[in-house]
1. Suppose we keep just the DSSP beta bridges with both residues in segment B:2-249; what percent of those would be antiparallel, to 5?
2. For a Förster distance of 60 Å, can you work out the FRET efficiency between the beta-carbons of residue A:365 and residue A:81, rounded to the nearest 0.05?
3. Looking at chain B as a GNM with Cα springs under 10 Å, which of B:197, B:34, B:13 has the largest mean-square fluctuation?
4. I'd like the FRET efficiency for residue B:86 and residue A:43, computed as 1/(1 + (r/R0)^6) with the beta carbon distance as r and R0 of 60 Å, rounded to 0.05.
5. Can you show me the helix-derived [θ] at 222 nm for chain A, built from DSSP H runs with n ≥ 4 at -39,500 (n - 2.57) apiece and divided by the number of residues, rounded to the nearest 500.
6. Over all residues in B:111-124, what is the mean tally of Cβ atoms on other chains that come within 10 Å of each residue's Cβ?
7. Just to be sure I understand the model, the point goes 7 Å from the Cα along the line to the Cβ. What's the resulting residue B:189 to residue B:114 distance in nm?
8. Antiparallel DSSP bridges in segment A:3-273: what percent, to the nearest 5?
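Throughout, read-outs are computed from the coordinates displayed, never taken from laboratory work. From a predicted model like this one, the values you see are computed outputs, not experimental measurements. All Cβ positions, glycine included, derive from the backbone under ideal geometry; neighbour counts span all protein chains shown.
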């Protein structure tokens, strides 16, 4: 039995939805056919040159049949944030842990299964429009298993009072499981919303999460998207995030990766009309033998569209990172500004980064720049801190955090910032109480 | 509180310090002067715990403990603080973070609780005002983009917050204009006290008009060739160093 067939065989184990529209079966079949045809990506595939997914292909994943999680466990996994919350356990929706009661009438936050049952036609047009099965073998695989996830719709001019928080908890199983969530975010004109995708779970979990998210922004809409990836270091995390932007819309992505054995994130934005603005912030922090790969693309398809990207990589031990960022400016897309920066910090001699900025510019009146740097901690600065009584570990933590600074300062949700600080700087924030300090200094 | 005995040290195999003896008692302000290459910077570096300097002979005792056995951060926590000639820029680390981390490290070493945020801010504001520094300075990265004078003031600010037992000031006057010199000197003078020692290393007598030392040592070719009161600095200013070495060379 081929590895590919082993994955597709699990389709038989899938729990059918209560009411399945016919189009979804057709799309699943298309996904399965595509995946069967192309198989897992290999190292010869340019898009996967630095990321070996054979550890995923070799594994036999089943589908979870339980969404059990106690409220206490759920609280322990979740970030402390006041939000509209949907909880998924190994990809299965858990309604008792979710809380979207206070939502207004112009807003929908619901599991995909319910959205399909209630009004499948409203979903069918958008689902897969930005991510078709050709995008990557994992997209095809996701499509083959499509059925659960989240649908978020924000009505015209609605400024959502709290973030939407999608919590994906991965549990430990004797035989690892896989899930293929599908997320749809539709922000109508002039609306504003923040969506957090949070991936976490048991520390021994070794599952595959393969998620596809699609974001549609109406005119003047403002969408902030967080991916907080804190999966256990034996997990596999594959994601792709696709954004379609219309006039005057503003999309901001925070792609924060701390976990997984192999993490691969693709982000693709289509800036289709004037004054669309897209910001990508990324931080990846790898230790042990973690492998973290971020592929980002911005397509400036219209004049006067703007993008800004800042990715920071921190790699320790034998961790490996990949950054591949494309800024593409279409023909006649004049007066575009596109900036990209990737800086990497290697904390060990055996850590490794492959960084590849790409500019494809087919217009002549544009402002573009890209820069990439890779370095180590400044030993003189470590000495200077130690000479003030700060121990070496803390000095290193402080300087590592400082390296992440520009990205961290853009993170506007304190509960997320604190988690990242703690992960990156070790014991630092506890002693420091950064938030306390900032407030006291501002007072 | 500080006792240096027969200190020999080398850098890259080259012997720089050739038997230094120096004792600083609580309440005293000492100045070390000397021409270029006399070993002033090496002495500072050995006291601070810089890598790359090898002590080949002799001892340094600080408050009864063997200083040479102490890590850099242990020295600072024990109360020996160095004001650097060239303060390092630390991008991304705000001054307020450094000050709080340093103060808490010191308190922890003494078995005390962390300083509460309001108390900390009150202390910092008071010291900032003393050094004629703006509050906005706290949110700036350590020394990043600072002028020479600002960097030196920052070193003294750290001293005022951390209240060392023994302050070492390495060429604290270099790169200062007259006004900055006054502010720095006032800061240092405010540190003077019955149970605190200060050791200044300087090229110029000028600093000693502002911070008047109790004892002046002249360092030439790795040895203290003469010690005296503040008038020795004036003699050096007037006559140079040659008259001090003529006798000892023979």
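1. Details: 25 of 43 bridges.
Of the beta bridges lying entirely in segment B:2-249, close to 60 percent run antiparallel.
2. After rounding, the FRET efficiency stands at 0.90.
3. In the Gaussian network model the winner is B:13.
4. Efficiency for this residue pair is about 0.80.
5. Mean residue ellipticity at 222 nm (helix-derived): -7500 deg cm²/dmol.
6. On the way: counts 0, 0, 0, 3, 0, 2, 8, 3, 1, 4, 5, 1, 0, 2.
The shielding value for this peptide is 2.
7. Modelled inter-label distance: 3.8 nm.
8. Approximately 10 percent, going by the DSSP bridge assignments.
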